[in-house]
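Where a number appears in this text, it was derived from the coordinates with a stated rule and is not lab data. This is a predicted model, so every value here is computed, not measured. Here Cβ is always computed from backbone atoms with ideal geometry, including for glycine, and neighbour counts include all displayed protein chains.
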Amino acid sequence: MAQNPLLDNFGDKNTKTWIIGDLHAYNFGTFLNNKGEIVYDVNDFDDAIIADYQYDLWRLATSMVMIAKDNASLNNRDLEKSVRNLTLTYIDTLSTFLDLAQKDTCYITYENSGGNLRKFLLKTERKNNRPKMLRKWVKVKKGLNKFNFKNNSLRPVSEEQEQIILNAFPDYVDSLEAKFIDKSSYFKIIDIAQRLSAGLGSLGCNRFYVLIQGDSKKLSDDRIIDLKFQWKPTGYFFLSVEEQKEYDKRFENEGIRFVEAYKSMHRYSDNHLGWIKLPDGYYTVTERCPYRGYFPPEKLKRTKDFENMAADWARSLASNHVYSFNDFNYELVIEKAYQKRRQFFEQIMDLAFAYERQVVKDWEMFCDILKKTNKS
């Protein structure tokens with residue numbers, strides 16, 4: 001990765017791990033793990049790459065600055081307290097992993113969360129379920145669920161595209177490590193649709209929903225499988241030539257890279273997680289989760305609430321960094337960052353404010369260009 005000299009203050013060549021690469025507050029969310037627990041964790045691996053852990057902290061702190069700037073009830077002093085809590089909790093969470101038994105337990109559910117996040121997790125469980133999710137996307141037609149194309153986020157696929165997916169799907173099913181009682185019945189395809197306008201960062205990427213039968217013939221057991229085209233992560237283009245060669249050797253395709261990142265960071269990952277090859281490239285495959293949700297950070301009006309949320313983000317991030325990469329020397333991070341924790345915090349804080357100012361300038365430039373383009 002393009003080497004920022006500031007990385008050397010609190011890391012070295014052995015403090016690389018899987019990072020999200022595009023980490024911000026809205027890349028945390030709720031979902032169901034394969035133990036049936038609703039968890040709150042990072043949930044976007046499109047830009048995941050192996051690099052120094054500090055990049056994720058810098059990006060997350062920048063996101064916090066931008067949230068605070070948009071929130072009139074939070075001032076710079078409040079923000080500093082929250083970023084300090086982020087950095088200190090990150091170090092403290094790394095320290096818990098010195099006890100190897102913690103590696104299997106340190107992820108966030110309503111049972112080990114508190115405050116606003118706990119309320120959000122309980123509300124997510126109470127108000128969501130599979131039938132409710134299916135009603136948003138499908139309607140019953142001749143005794144079967146079919147995608148509802150009155151939903152503007154869906155569009156029918158051509159017969160050619162449908163056949164392409166039907167032909168490729170068995171290879172994906174055969175590659176799954178998770179055990180299903182009857183794969184042929186569970187993954188029986190009922191309908192296929194193109195998914196539109198899904199996520200700002202995914203605009204322009206092909207995406208499809210595949211409706212499968214699931215555990216039984218009950219309509220409420222149907223599953224929606226999400227096929228999403230995968231580009232190379234943005235960080236790839238900032239690697240040295242040698243690092244790009246190493247990356248290309250390790251990851252045969254972007255589906256493999258995404259799946260490895262997801263499985264490495266998450267305990268008890270989605271049983272449907274995999275990848276599929278279509279004529280235009282490689283797609284990742286996941287289940288659309290009925291309990292998928294995002295805590296709205298703009299609702300954090302009090303300093304204490306923002307501090308607590310920063311601590312939850314730090315716990316999640318540190319756990320993922322340690323769990324995902326055996327060669328990650330987190331003991332060195334603890335040693336360097338704890339001994340100089342004030343400098344560790346100040347470096348992250350300074351970078352976050354500078355990055356936020358640059359983002360604002362970039363946005364203003366973009367708007368200016370857009371206005372000029374529209375006039376012409």
- Using Cα-only point scatterers and the Debye equation, what is log10 of I(q)/I(0) for the stretch 275-376 at each q in 0.17, 0.21 Å⁻¹, rounded to two decimals? -1.15, -1.17
- May I ask for the distance between the Cα centers of the stretch 283-311 and the stretch 44-114, given as a whole number of Å? 12
- Rounded to whole Hz and in sequence order, give me ³J(HN,Hα) for the stretch 277-287 from the Karplus expression 6.51 cos²θ - 1.76 cosθ + 1.60, θ = phi - 60°, writing x for Gly and Pro. 9, 10, x, 8, x, 9, 10, 8, 10, 9, 8
- Query: Could you list log10 I(q)/I(0) for the stretch 1-124 at q = 0.15, 0.21 Å⁻¹, which the Debye formula gives when each Cα is one point scatterer?
  - Reply: -0.89, -1.55
- Interchain or sequence-distant (5+) residues whose placed amide H lies within less than 5 Å of the amide H of residue 293 are 30
- Message: Can you give me the long-range amide H partners of residue 157? Hydrogens built in the peptide plane at 1.01 Å from N, cutoff under 5 Å, separation of 5 or more residues or another chain.
- Response: 194
- Note on the structure: Final fewest-first order of 289, 106 on the 10 Å Cβ neighbour count is 106, 289
- Query: One-quarter of the Cα convex hull surface for the stretch 108-149, in nm²?
  - Reply: 4.0
- Task: Please work out whether the stretch 32-84 counts as rounded, prolate or oblate from its C-alpha gyration tensor, where a ≥ b ≥ c are the square roots of the eigenvalues and a/c under 1.5 means rounded, while otherwise a/b larger than b/c means prolate and anything else oblate?
- Result: oblate
- Item | Proximal charge balance of residue 227 [Cβ under 12 Å; K/R count +1, D/E count -1] | +2
- Find out how many positive minus negative residues lie around residue 180, taking Lys and Arg as positive, Asp and Glu as negative, among other residues whose Cβ is under 14 Å from that of residue 180. -3
- So which of 232/361; 218/263; 127/217; 13/249; 13/340 end up more than 22 Å apart, counting from Cα to Cα? 232/361; 218/263; 127/217
- Message: Taking just the alpha-carbon atoms of the stretch 75-223, what radius of gyration and Dmax come out, in angstrom?
- Response: 21.4, 61
- Note on the structure: GNM of the chain, Cα pairs under 10 angstrom: of 364, 346, 356, the biggest fluctuation goes to 364
- Query: Where does each of 365, 66 land when they are ranked from fewest to most other beta-carbon atoms within 10 angstrom?
  - Reply: 365, 66
- Query: Semi-axes, largest first, in whole Å: what does sqrt of 5 times each Cα gyration tensor eigenvalue give for the stretch 141-257?
  - Reply: 32, 19, 11
- Would you list the P(r) distribution for the stretch 233-298, with all Cα-Cα distances sorted into 5 Å bins from 0 and each bin expressed as a whole %? 3, 14, 18, 20, 18, 14, 8, 5, 1
- Let me know the Rg and Dmax you get for the stretch 65-160 when you use only its Cα atoms, in Å. 21.9, 61
- For the stretch 198-343, rounded, prolate or oblate, judged on the Cα gyration tensor with a ≥ b ≥ c (square roots of eigenvalues), a/c < 1.5 rounded, else prolate if a/b > b/c? oblate
- Query: What's log10 of I(q)/I(0) for the chain at q = 0.09, 0.10, 0.15 Å⁻¹, Debye sum over Cα points only, no solvent?
  - Reply: -0.57, -0.70, -1.45
